[in-house]
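See below for the structure under consideration.
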There are 2 protein chains.
Amino acid sequence: MSNVKTFHDSVLTAASGGTATPKLLPNGDQKPLEKPKAKDWTSHLSTESKTRKASPLKSSFKYLSNPGLISLGGGLPTPAYFPFESISAKVATVGKFSEEETLTSGTTMSVPKYDKSAGAYDLARALQYGSGSGSPELLEFLTQHTEMIHHPPYADWKCVMTAGNTSALATCYRMLMNRGDFLLMEEYTFPSAVETASPMGIKPLGVKIDGEGVIAEALDELLSNWDEAARGGRKPHVMYLIPTGQNPTGSTGSAERRKAVYAVCQKHDVIILEDEPYYFLQMQPYVRDAPPAPLPGSHEEFIADLIPSYLSLDTDGRVIRLDSFSKVIAPGSRCGWLTGPAQLMERALRHNEVSIQSASGFSQAILYQLLSQTWGHSGYLDWLINLRAEYTARRDICLKAMEEYLPEGICSWVNPAAGMFIWIEVDPSKHPQISEGLPVIEDRVFQKAIDKNVLVVPGSWFIVDEDAKYSKGKLFYRITFACVASELVVEALKRFGAAIKEEYGIAA
Amino acid sequence: MSNVKTFHDSVLTAASGGTATPKLLPNGDQKPLEKPKAKDWTSHLSTESKTRKASPLKSSFKYLSNPGLISLGGGLPTPAYFPFESISAKVATVGKFSEEETLTSGTTMSVPKYDKSAGAYDLARALQYGSGSGSPELLEFLTQHTEMIHHPPYADWKCVMTAGNTSALATCYRMLMNRGDFLLMEEYTFPSAVETASPMGIKPLGVKIDGEGVIAEALDELLSNWDEAARGGRKPHVMYLIPTGQNPTGSTGSAERRKAVYAVCQKHDVIILEDEPYYFLQMQPYVRDAPPAPLPGSHEEFIADLIPSYLSLDTDGRVIRLDSFSKVIAPGSRCGWLTGPAQLMERALRHNEVSIQSASGFSQAILYQLLSQTWGHSGYLDWLINLRAEYTARRDICLKAMEEYLPEGICSWVNPAAGMFIWIEVDPSKHPQISEGLPVIEDRVFQKAIDKNVLVVPGSWFIVDEDAKYSKGKLFYRITFACVASELVVEALKRFGAAIKEEYGIAA
């Protein structure tokens, strides 16, 4: 990987979160910032979010900068009673990312309790009560990273840190929807996104998808023909999407598809919740029996090769992007960030203040030390490129095993370009007991796989609309190649293939 | 501090979270468990909580224990890609708790990525997706600690870990109340508890307090005379309390007061949310001009000397206790736990699954390593006794300075037995401009203090009912002695005294 410091330096100088400073383009040209401001989203806010006020105590914060002032105000414990002198971690060294290399040549990084140097994020601060938008230092790194990857095309965007995407999604729902509101989603989606919404009285509604995710024309048709009386609720104004490496279908929308969907959202004034845990699990192209394509040769190439996010297309400020460390660092960090228009990010921050307060200070201190102080933007991009190579290798082994073991003519799939999942369509029409109906066939194949000692997830578990279950006459199973060692994935697919063949009465 | 291992061992053996094993009493006698089960609280659940379902994917968990099964099910990243080889921390050593001693004789503790020994809580697990009730290891420690301190008097109580009390409180509100419901609170309370409730459409309602917190008779009168039509809502069935070292009044209810309030809650079927961040900041008695009382000589004495919690009185299972590490370890841990009847804890767990998921794995790993593996229950009690000594010393210096600098006849207060706060009543009737009204006087004193370079918080900022503001004809200011060095607290009180004297036209 080439050193591209100059490129990053210029992008970082420009990463302002939207203030009107001159913007340096990647090619080095400078031009005055001409980004428009986001639209006004007040009318999209829920009753809960509209009525949320800032704490009256915050009005006293202005006095805290008075020289010599002694505050007997805030109920903070003194850091003298935090029983930690320092925390440290042995972490992967840039360019030597494997577990084996980390064991022998890992980097030890340390966060002391007190560090008086300017801008230091020490434990006395990290473990104290902090801002609802996260520590300024880590937030700055994430804002720079967001600018570098997405270049949001409007001026007043902001980032706010979260306690991970599941928590952040609940925040977004509560910010934008009242009981009785509909929520648009891909027709098969992450079950938690549905389970979070339903108890709030929000009604999830599936939009038709193909191998690229939501079909723009289907979305337009649904919204254009919305009948409030028949539907029992106002026209949906929020859509939840997993645009890249979708869970469970593994689909990734092309730039063209995203532009088309975005245009429909503009037409019908829909806010997009872009949940992107798998964005950096975009993989190298897969061509059957061909050698793997070479990795991006530079950071510019890597960034340029990423599918454009909805955030990067968002001229209106109608996208709230949910970024997570769960798939690129570790789920246990319970730390992520939202990006969106400042007015909505302010509402999210106010919500944080009366819920999570902030992500864990241990998580923030360790992530800041790792990302900003140890790896830097350049090292983090190297890490992401390394993950791309790792996931590509795992997926390729998995696809080859599927080609070998799953019976042609019964099983089919779209090779995933991103994420952790492959969505296997199993044709029920050729099953000898098809007359017993799809639910029976789905369960038979699932149980036969369990008998053969492999667990795959039936597709119907991911459907948004209970009524639409099996209505297409198709059956799916979701598998993942992310967690289990590749040799076990191969063995598991051999078993799954045998299970299907047995069910379908095909000689092994 | 004496070694009381035998006592703890017996209590720990008995700490079962309520399963029907024989219980060892502190005196060593064994008797069969006769605790009743909690009442049924189904009718108290909110619409949101009632309709919350477990994830369908969980139904597949039962297969994961099949021998030899390969799961291609869960979307977990492999720990091989967590870039951490180990984390470690230098922490205070038992018996040498000061910052200075930690610097020179701190204990270094370490959590490796992989630890194959039985029951080890390594990073591969701590940083992976985990249970919504927290890691079993840390949860076990907290359950034992809860048994040891509170001995809840019913059988089926459980603990569930949270992301700190602010987040846990929001969970409890959403579990128990619908829009339009009233919430009982101390008439002056923690502003966040009000700010969390109001946007949810929950109507906070102040209950009269004295120096011991909520007055049982006032509570009974309010509930006995509830007029649904006049009030515009059903009779309240939830009460939020900070029973120990209340914020802002610093009050602590006696055992008698708590029993009386609990009886009223039984009479009117009210669930108590017992928010107890300051429970272990109970201090030694303060007697003016007397030397400080000696610290508890043993762990038994320390525990016996603690004010009984509502949880410890709760024969019905109508108390949900909120415990936090914020004031006894560090706020940045964003980790705490709920204790209550199993049926409500299951609802809280389900809510966690679609919001925070769990506390940060970094926090959990570090807290487990510190509390369970490094200090143990005995060392943690030593730490808490040490905190008691530290807070007692700070409070005593503060009280002495108040006695010296605040003008008698104008300022009065109850010496706090717990917590971080002192609630100073300033008699407005003697103010020369009293004709201008209480809000003016309150602000004049506040501003004069700011002019003298000291920040104190006006009492009206904590009032629950806007209408009740100033209705008692009293003015209060909240101060804290927790965060600022004691010599600065003394200086600040000197300034505050001067500000009051100047305002009241008294010669300095």
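Just so it is clear, none of the values below were taken in a lab; they were calculated from the coordinates. Computed from a predicted structure; not experimentally measured. Cβ placement follows ideal geometry from the backbone for every residue including glycine, while neighbour counts extend to all protein chains displayed.
Observations on the model:
- Highest mean first, the peptides A:64-77, A:379-392 sorted by other C-beta atoms within 10 Å per residue fall in the order A:379-392, A:64-77.
- Counting only Cβ charges, +1 for Lys and Arg and -1 for Asp and Glu, the dipole size of the range B:310-456 around its Cα centre is about 380 debye.
- Counting Cβ atoms of other protein chains within 10 Å of each Cβ in A:454-462 and taking the mean gives 5.
- Averaged over the residues of A:112-120, the number of partner chain Cβ atoms lying within 10 Å of the residue Cβ comes to 1.
- Placing pseudo-labels 7 Å out from each Cα toward the beta carbon at residue B:50 and residue A:55 gives an inter-label distance of 3.4 nm.
- Point-charge dipole on Cβ atoms (K/R +1, D/E -1) for the range B:391-504, about Cα centre, debye to 20: 200 debye
- Amide hydrogen neighbours beyond the local backbone of residue A:334, cut-off 5 Å, H modeled: B:361
- Available extension along the chain between residue A:234 and residue A:65 is 56.0 nm, counting 0.36 nm per residue and deducting the alpha carbon span.
- Estimated inter-spin distance, residue B:179 and residue A:101, nm [label 7 Å along Cα→Cβ]: 5.5 nm
- If R0 equals 60 Å, the separation of the Cβ atoms of residue B:286 and residue A:218 corresponds to a calculated FRET efficiency of about 0.25.
- Residues of the range B:133-159 with an amide N closer than 13 Å to a point placed 7 Å from the Cα of residue B:37 along the Cα-to-Cβ direction: B:155-157.
- Pairwise label distance in nanometres, residue A:210 with residue B:486, each label 7 Å out on the Cα-Cβ vector: 7.6 nm
- Summary for residue B:429: label point 7 Å along Cα→Cβ; distances to the equivalent points in the other copies, ascending, 9.2 nm.
- Euclidean distance of C-alpha centroids, the range A:392-421 and the range B:425-499, integer Å: 70 Å
- Cβ-defined net charge surrounding residue A:196, 10 Å radius [Lys, Arg +1; Asp, Glu -1]: 0
- Cα gyration tensor shape of the range B:70-151, rounded if a/c is under 1.5, else prolate or oblate by comparing a/b with b/c: oblate
- Highest to lowest packing among A:256-269, B:398-411, scored as the average C-beta count within 10 Å: A:256-269, B:398-411
- Restricting attention to the protein assembly as shown, close to 65% of DSSP beta bridges with both partner residues there are antiparallel.
- At 7 Å out from Cα toward Cβ: residue B:210 inter-copy label distances (nm, ascending): 7.7
- Which of A:73, A:161, A:196, positive extreme of dipole for chain A (C-beta unit charges): A:73
- Charge context of residue A:356, other residues only, Cβ under 11 angstrom, K/R +1, D/E -1: +1
- About the Cα centre, charge dipole magnitude for the protein assembly as shown (Lys/Arg +1, Asp/Glu -1 at Cβ), debye: 600 debye
- Peptides A:347-354, B:286-293, ordered by how many other C-beta atoms sit within 10 Å of their residues on average, highest first, read A:347-354, B:286-293.
- Across the identical copies, how the residue B:53 labels are spaced - nm, sorted shortest first, 7 Å along Cα→Cβ: 4.0
- Other protein chain C-beta atoms within 10 Å of residue C-beta, averaged over A:85-97: 5.
- Net +/- balance of residues flanking residue B:281 in space, Cβ distance below 12 Å, scoring K and R +1, D and E -1: +2
- Positive-end residue of A:476, A:393, A:445, charge dipole of the range A:393-504 with Cβ unit charges: A:393
- Taking every DSSP beta bridge that has both ends in the range B:150-290, the antiparallel portion is near 15%.
- The range B:462-506 shape via C-alpha gyration tensor axes, a/c threshold 1.5: oblate
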